[in-house]
Amino acid sequence: MTELVKISEANGVMEIVWNRPDKKNALSNAMYRTATAALARAVEDKSIRVVLLASEGDSFTSGNDLADFASAAMGGEAPAAHGFIEAIIQFPKPVVAAVPGLAVGVGTTMLLHCDLVFVANDANLTTPFVNLALVPEAASSMLMPARIGHVRSFAMFALGEALTGVQAAQLGLANAALAKEEVLAAARKAAATLAQRPIGAVMAAKKLMRDADILTHSRTEGAIFAERLRSAEAMEAFTAFQQKRAPDFSKL
């Protein structure tokens, strides 16, 4: 288990905590694999009734570690994000999220698969996939427009526009926007309450609320995402990021 993800269990709740605050909790392949394995164990372990996603520091996660993406674009190891995304999409038990601040890319799209979400008032939620010459993932190209509408979703995906925590709560992406120091406590309280509910009924209700096409749609996105990751546009985006300059897509 990588120390960059902290896993703990108590009173029916498993906490999965991103622990890379110096890098704004950017998610590496190792971190994804650790979280995916924890979710798999939580599916099988009857003593685990709820999963809570949280983080150390001021950021929830700044999204995928772009060094891993750049490596994949050049033929290296494929990103491990896909396995985590499929695991959280199919996870049958309730998932609660505590978002204290920055949530970039998958940091926002994973929230669409959480059942309860608590955010800081000044949290910053973005999905700037097109900025990196990529496409949305985690079925967000279907789920985000259904939640907040097409035009606002397109502005998030294609223009990189952000939502604050307050806006996220107003639009239905979060249950509540709170002072930053209250977010984790609120999420833990909700998780503890869920852990006391009849788990069979909770899981049945969750299953009824989830669209059976979500996984299929996510896999379609994933195939296109993989193609885009190896495109000339993506290479320019990652190279520009590493060189700390603006990308130039005008000749591609």
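Laboratory data are not the source of any read-out in this text; all were calculated from the coordinates shown. Values in this document were obtained by computation on a predicted structure and should not be read as measured data. Neighbour counts run over all protein chains shown; Cβ positions are idealised from the backbone, glycine included.
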If one computes the Cα centroid of segment 1-46 and of segment 110-128, what distance in Å separates the two points? 18 Å
Please enumerate, by chain and number, the aspartates and glutamates with C-alpha under 20 Å from the C-alpha of residue 23, excluding those fewer than 8 residues away in the same chain. 3, 56, 58, 65, 68, 122
Listing 141, 8, 59 by rising number of other beta-carbon atoms within 10 angstrom, fewest first, gives 8, 141, 59
Report, in deg cm²/dmol and to the nearest 500, the calculated mean residue ellipticity at 222 nm for the chain, where each DSSP H run with n ≥ 4 adds -39500 (n - 2.57) and the sum is divided by the residue count. -13500 deg cm²/dmol
Gain on full stretching of the segment that runs from residue 152 to residue 239 - 0.36 nm per residue minus C-alpha separation: 28.4 nm
Can you tell me the FRET efficiency between residue 251 and residue 231 if r is taken as the Cβ-Cβ distance and R0 is 22 Å, rounded to the nearest 0.05? 0.95
What residue among 129, 60, 154 has the largest mean-square fluctuation in a Gaussian network model of the chain, using Cα springs under 10 Å? 154
Helix 199-209 versus the longest principal axis of the chain: what angle, 0 to 90°, nearest 10, using Cα atoms? 40 degrees
Which of rounded, prolate, oblate describes segment 1-149, given a ≥ b ≥ c as roots of the alpha-carbon gyration tensor eigenvalues and a/c under 1.5 marking rounded, otherwise prolate only if a/b is larger than b/c? rounded
Compute the acute angle (0 to 90°) between the alpha-carbon long axis of helix 214-229 and the principal axis of greatest extent of the alpha-carbon atoms of the chain; round to the nearest 10°. 30 degrees
Enter the angle in degrees (range 0 to 90, nearest 10) between the Cα long axis of helix 232-243 and the first principal axis of the Cα atoms of the chain, meaning the one along which they spread out most. 80 degrees
Taking the number of other C-beta atoms within 10 Å as the exposure measure, put 134, 159, 112 in order starting with the fewest. 159, 112, 134
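Which of the three applies to segment 129-242, rounded, prolate or oblate, going by the alpha-carbon gyration tensor with a ≥ b ≥ c and a/c under 1.5 meaning rounded?
It is prolate, given that a/c is not under 1.5 and a/b is the larger ratio.
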Hey, rough spin-label estimate for residue 159 and residue 205, points 7 angstrom out along Cα→Cβ, what's it come to in nanometres? 3.7 nm
How would you rank 22, 65, 122, going from fewest to most other Cβ atoms within 10 Å of each one's own Cβ? 22, 122, 65
